[in-house]
Amino acid sequence: MRTQQRTLAGPTGFDGVGLHTGNASTITFHPAPENYGIRFMRIDQPDSPEVPADVDLVTDISRGTTITSGSVSVHTVEHVLAALVGLEVDNCRVELTANEPPIGDGSALPYTEALMKVGFVDQATPRR
């Protein structure tokens with residue numbers, strides 16, 4: 001288990017379609033500062049609102065996990081979060097061009113592969 005927070009060494013991502021919505025979507029993972037956490041940014045919306053990855057923001061679990069902040073939702077976040085948590089990434093801004101990430105092959109693997117390609121940077125702050 002890592003003792004220091006970490007983020008990505010640079011941006012990475014890919015295009016595809018959302019599993020449940022069928023919407024064309026691009027996901028781009030960006031490095032983030034210490035204590036930022038994991039936040040989804042809907043760049044397809046005015047002012048690019050953020051939806052933090054927080055269990056208290058879960059609004060639906062039918063056919064996938066939806067998180068909502070204000071009037072903005074992100075659907076089917078579980079595979080993205082599995083990849084980030086499995087790789088021990090503490091701080092990451094996840095930009096989306098739609099309301100659902102591209103599904104890839106239906107697992108966390110496409111996200112994991114994209115993240116592994118860019119690599120990681122340890123940060124000075126201890127993990128919580």
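Pick from the stretch 26-51 the residues that are within 18 Å of Thr68 (Cα to Cα) and among the acidic types (Asp, Glu): which of them is most open to solvent (accessible area, probe 1.4 Å)? Among those that are within 18 Å of Thr68 (Cα to Cα) and among the acidic types (Asp, Glu), it is Asp47. Consider Leu84 carefully, then state whether it is within 19 Å of Asp54 (Cβ to Cβ), in contact with a Cys (Cβ under 9 Å, 6 or more places away or on another chain) and buried (at least 20 other Cβ atoms within 10 Å of the Cβ). Answer is yes for this residue.
Of all residues in the stretch 70-128, which are closer than 20 Å to Val58 by Cβ, touching an Asp or Glu at 6+ places or on another chain (Cβ under 9 Å) and polar (S, T, N, Q)? Those that are closer than 20 Å to Val58 by Cβ, touching an Asp or Glu at 6+ places or on another chain (Cβ under 9 Å) and polar (S, T, N, Q): Ser73, Thr76, Asn99. For the stretch 105-122, a residue qualifies if it is surrounded by 20 or more Cβ atoms within 10 Å (Cβ to Cβ) and of a type outside the set (A, V, I, L, M), and the qualifying residues are Pro110, Tyr111.
Quick check: anything in the stretch 92-103 closer than 24 Å to Asp122 by Cβ, of a type in the set (A, V, I, L, M, F, W, C), part of a strand (DSSP E or B) and open to solvent by less than 40 Å² (accessible area, probe 1.4 Å)? The answer is yes; a qualifying residue exists.
The values are calculated or read from the model by the stated rules, or taken from the named source; none is laboratory data. What you are looking at is a predicted structure, and each value in this text was computed from that prediction instead of being measured. Positions of Cβ are backbone-derived with ideal geometry, glycine not excepted, and every protein chain shown enters the neighbour counts. Side chains included, ligands, DNA and RNA excluded: accessible areas come from the protein's heavy atoms. Shrake-Rupley method; radii C 1.70, N 1.55, O 1.52, S 1.80 Å.
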